[in-house]
1. Using modelled amide H (1.01 Å from N, peptide plane; none on Pro or chain starts), what sits under 5 Å from the amide H of R325, excluding residues fewer than 5 places away?
2. Counting every Cα pair in the chain, what percent are over 41 Å apart?
3. Please give the per residue volume of the convex hull enclosing the alpha carbon atoms of segment 298-386, rounded to a whole number of Å³.
4. Which residue, K47, K346, K148, tops the fluctuation ranking in a GNM of the chain built on C-alpha contacts under 10 Å?
5. Taking amide H positions as placed in the peptide plane 1.01 Å from N, state which residues far from F356 in sequence (5 or more) or on other chains have amide H under 5 Å from it.
6. Any idea what the relative contact order of the chain is, in percent, if you count C-alpha pairs under 8 Å spaced at least 6 apart?
7. Tell me the net charge near K307. Cut-off is 9 Å between Cβ atoms, K307 excluded, with +1 for each Lys or Arg and -1 for each Asp or Glu.
8. Within the set of other residues whose C-beta is less than 13 Å from the C-beta of K131, count the net charge using Lys and Arg as +1 and Asp and Glu as -1.
Amino acid sequence: MALRSQKHVFNLPDDVTYFNTASLSPSFKSVEAAGIEAVINKSHPYKIPSSDFFDPVTELRKRFAKLIDCNDYQRVVTSPSVSYGMANVANNIKLQKGDEILVIEEQFPSNVYTWRKLAQRYDAKLVTIKKPAVKTNCGQQWNEAILKAITKNTAVVALGHIHWSNGIIFNLKAIRQKTLKHNALLIVDGSQSIGVMPFSIENLQPDALLCAGYKWLFGPYGCAYAYYGPKFDNGIPIEENWSNRLNSENLVGLTNYQDLYKPLANRYAVGENGSFIYVKMQLAALNEVLKYNPKDIQDYCRSISEKAIHKFREMGCSVFDAGERANHLFGIELPENIDVDLLQKKLKEQKIYVSFRGKYMRISCYLFNTENDFDKLVKAMEATFK
Ligand SMILES: Cc1ncc(COP(=O)(O)O)c(C=O)c1O
């Protein structure tokens with residue numbers, strides 16, 4: 001059955017039109033409650049059992065593994081940020097001089113700086129695949145350009161499932177096939193897609209997946225997730241802490257220093273990963289996220305935005321065609337003569353929240369948004385464009 005608005009499970013005021021989950025999501029009511037309870041618990045630390053350093057994190061890893069269709073939760077670990085997880089990836093990649101690392105034009109910086117540094121370290125080449133300068137079939141042409149650029153020289157391809165500011169969808173399956181052919185690694189940033197677009201580790205088999213937790217996964221800021229494939233099983237983490245060593249649950253024996261890490265991805269866990277407040281909020285958040293089928297979320301977002309997109313185009317804006325871009329996140333390219341400062345002011349006055357990223361006004365919507373929200377946005381834009 002088609003999804004309906006879920007605004008009632010959020011605390012968003014009625015006069016706020018929030019189109020900015022791609023930047024920062026609002027909390028589900030249950031996540032807010034879990035956070036408050038965890039804050040209160042801090043006043044009574046004697047009530048926090050030592051198993052809380054580990055068990056809730058294990059449960060969290062299981063929930064994230066389920067969300068990304070990964071059969072083994074031990075391949076999943078929490079991370080303070082995408083860049084932290086990415087640093088662990090890059091730290092365990094060795095390149096040859098002249099090897100190529102492929103990224104996408106205007107990719108999110110946390111997925112670029114890491115690669116620039118790695119390229120410098122090994123005298124490798126960072127290759128940026130430009131967005132084709134076309135208004136139709138851009139997604140298809142961009143994907144073709146990516147596939148063409150993957151050659152025997154490619155060592156790593158690092159990109160998102162969608163572009164973070166315009167929403168173009170990258171064909172990860174075809175990219176994976178080509179990377180396998182040339183023995184190149186595929187590193188995916190799922191920050192703008194996991195939870196709201198269908199995705200399966202078992203099906204795609206990327207080498208690593210990094211994902212912010214404060215957007216489409218509705219957790220607090222400072223909580224990301226990572227999946228590490230077999231290539232990283234025996235890697236070296238960027239920092240050493242007590243909790244990711246084998247048998248660290250035995251607090252009495254902590255100074256029987258241990259050379260071995262816990263299995264698989266656990267070695268990449270940051271110190272203090274058991275963060276009692278964050279983890280409780282994250283557990284509540286993934287509990288909510290897992291209730292909805294990503295395909296149904298896409299259908300819902302498409303159904304509430306379709307009419308508005310038609311109107312945006314009538315106003316002279318460009319929006320990529322449905323099918324080549326995501327429905328929960330898309331960029332609107334404004335006509336050149338538009339006073340963007342004035343538009344931003346008008347939207348703010350009416351409590352309509354969007355992002356401006358590069359040359360796009362980025363709209364992102366979720367189950368708390370409705371067609372009525374899009375009507376408000378259309379009206380505000382029409383008033384500014386006159
Ligand atoms: C595509 C993408 N990746 C990653 C991030 C966050 O990166 P980090 O966790 O390193 O701050 C964002 C934030 O906007 C993003 O849009």
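The numbers here are math on the coordinates, done by the rules we state, and not lab data. Small disclaimer: the values here were computed from a predicted structure and weren't measured. In this analysis, Cβ positions are derived from the backbone assuming ideal geometry, glycine residues included, and neighbour counts consider all displayed protein chains.
1. Amide H neighbours of R325: I169.
2. 16 percent
3. Once divided by residue count, the hull of segment 298-386 is 88 Å³.
4. K47
5. Sorted by chain and number, the residues that satisfy this are R362.
6. This gives 25 percent for the chain.
7. -2
8. Every neighbour counted, the sum reads -1.
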